[in-house]
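A short worksheet on the structure shown next.
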Amino acid sequence: MSSSPSGSSLDPSTTPTSPSGARGSASTSGTLDGTGMALVVGCYCLWGFFPLYFHLLSAAGSVEIIGHRILWTLVTCLTLITLRRRWAQLVHVVRSPRLLGMLAVCGLLVSVNWLVYVYGVNSARTADAALGYFINPLVTVALASLVLHERLRPAHRVSIALASAAVALLVVLQGSLPWISLALAFSFALYGLVKKQLGPDVDALTGLTVESAVVTPIALAYLGHLAWQGQSAWQAPGQGWPIMALLVVAGPVTAVPLLLFAAGTRRVPLSVVGMGQYIAPTIQFLLAWGAFHERIPPARWAAMILVWAAVAVFIGDAVRQLLRRPRPR
C-alpha cells in the first residue's frame, strides 16, 4: 500500500507495484534469489486472496471496513516503528512539508482505492476488481507517457490499445462503464505517480505509517459516529467480538504483505517483480469465478480476453527487454 519508490520509470516491468501500493528497492542484477522470489510470490498470493478475508467482513459496510483498516494499520505500523526503532525516519518525514504533503495525497488516493476494492468484493463484483488490477499497469504506463513524457515502446502502445478496446467493448455490450475497474486502475496509477515523485526518501514502513495517520482522523470520526448511533457491525445482534477481532486483524493483514514485499524486492530483479504483479488479479479472478460463483457474462469474458492479450504483449516485451540485458560476469 505504501512504499519507497526506486525505479527510474513508471513502467511496471521495471518498477514494482502491487494492489496494496507497495514499492521496493528491487535488485537490478540478473540473478534470482530463492528466498527473495518466495517472499515476493508469497506477498502477491496474500494480496490475491484478500477477497476471502473481506468476505468474512460482509456484515460490515465498506466504509466501516476501510475505517477499521486505516485505524488498525496505523496501530500496527506504530508498533513496528517502535520495535524497529525507526522514529527518527518518521519524524524526518513529518517535518518535511513536501514529503508530508505528497504522502497525504497518497493516503487519500489509496483510501479511495481500498474503498472501491472492498465495495467491489462485497457486492459480488470481485471480477471487476480483478480487471482493474489487470489494466492498472497499462494505465500507469499511459500516465508516464502523458505526465512524465516517457517514451512508449510499440508493445506498450499495442497493450494500451487492447485494454482500451476491452473497456469500449464493455460500454457497448453492457451499456455501462466498468467504473469499479477504472476507479481502481486510475486511483492506483495516480498513487504510483505521486509516489514516483518521492524518490528514495521514504521507506515502505514510514510511508505506510504517514499515509495511514493522515486519514485516521476521518476514519475515527466515521467509526465514532457509527458507534454513537449503535450502527457498528460489532454492535449488531450475533456479531460482537468475533467480527471486531476480524476488523482489528485488518492492521496486520495490510502491513505483513507489505513488509514481505519490501524484503523480497531487495533480492530479485525489478523486471521479475514487475511481471509478478499479475499473480494477485489472476487469483482474484479465479476466486470470483470458482469460489464466489459470480456471474460473468459473455461481454465480460470477451473484455477479459482482450485484457489478457494486452498483458501477454506487455509481459512478452518485458521478457525481451530482460533477455537483451548483458549478464553480469
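Inspection of the range 297-312 identifies no residue that is under 28 Å from LEU109 (Cβ atoms), of a type outside the set (A, V, I, L, M) and without any contact (Cβ under 8 Å) to a residue 40 or more places away in the chain.
Do you know which residues across the range 223-239 are assigned to a helix (DSSP H, G or I), out of contact with any Pro (no Cβ under 9 Å at 6 or more places or on another chain) and surrounded by 16 or more Cβ atoms within 10 Å (Cβ to Cβ)? Reasoning before the result, please.
First, the residues of the range 223-239 that are assigned to a helix (DSSP H, G or I): 223-229, 233-235.
Narrowing further to those that are out of contact with any Pro (no Cβ under 9 Å at 6 or more places or on another chain): 223-229, 233, 235.
Matches in the range 223-239: LEU223, LEU226, ALA233.
Among the residues of the range 162-188, which ones are in contact (Cβ under 8 Å) with a residue 60 or more places away in the chain and among the aliphatic types (A, V, I, L, M)? If the condition is that a residue be in contact (Cβ under 8 Å) with a residue 60 or more places away in the chain and among the aliphatic types (A, V, I, L, M), then LEU162, ALA163, ALA165, ALA166, VAL167, LEU169, LEU170, LEU173, ILE180, ALA183, LEU184 are the ones that fit.
Here is a yes/no grid of residues against (1) surrounded by 22 or more Cβ atoms within 10 Å (Cβ to Cβ); (2) of a type in the set (S, T, N, Q); (3) closer than 28 Å to PRO200 by Cα; (4) touching a Phe, Trp or Tyr at 6+ places or on another chain (Cβ under 9 Å):
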| position | (1), (2), (3), (4) |
| --- | --- |
| CYS43 | yes, no, yes, yes |
| TRP47 | yes, no, yes, yes |
| VAL63 | no, no, no, yes |
| LEU71 | no, no, yes, no |
| GLN89 | no, yes, yes, no |
| SER96 | no, yes, yes, no |
| ALA104 | no, no, yes, no |
| ASN113 | yes, yes, yes, yes |
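So if I check each of THR31, THR76, THR35, THR14, which one is of a type in the set (Val, Ile, Thr), in a helix (DSSP H, G or I) and modelled with pLDDT under 85? When all the criteria are applied, what remains is THR35. Just to be sure, is GLN321 at pLDDT 80 or above and either crowded, with 20+ Cβ neighbours inside 10 Å or farther than 23 Å from GLY132 by Cβ (or both)? Here the answer is no, as GLN321 does not meet what is asked. Within the range 217-241, residues that are more than 24 Å from ALA104 (Cβ to Cβ) and touching a residue at least 60 places away in the same chain (Cβ under 8 Å) have Cβ atoms under 6 Å from residues that are of a type in the set (Gly, Ala, Ser) and in a helix (DSSP H, G or I) in these pairs: GLN239/ALA233, counting only partners at least 6 apart in sequence or on another chain. Set side by side, the residues ARG69, ARG98 differ, and just one is under 15 Å from the mean Cα position of the chain (by Cα), farther than 30 Å from ILE160 by Cβ, outside any loop (DSSP other than H, G, I, E, B) and basic (Lys, Arg), which is ARG69. Given the condition at pLDDT below 90, part of a loop (DSSP other than H, G, I, E, B), out of contact with any strand residue (DSSP E or B) (no Cβ under 9 Å at 6 or more places or on another chain) and over 25 Å from GLN174 (Cα atoms), answer yes or no: does some residue in the range 240-262 qualify? Looking through the range 240-262, at least one residue is at pLDDT below 90, part of a loop (DSSP other than H, G, I, E, B), out of contact with any strand residue (DSSP E or B) (no Cβ under 9 Å at 6 or more places or on another chain) and over 25 Å from GLN174 (Cα atoms).
The values are calculated or read from the model by the stated rules, or taken from the named source; none is laboratory data. Not measured: the values here are computed from a predicted model. No Cβ is skipped: glycine too gets one built from the backbone with ideal geometry, and neighbour counts run over all protein chains shown.
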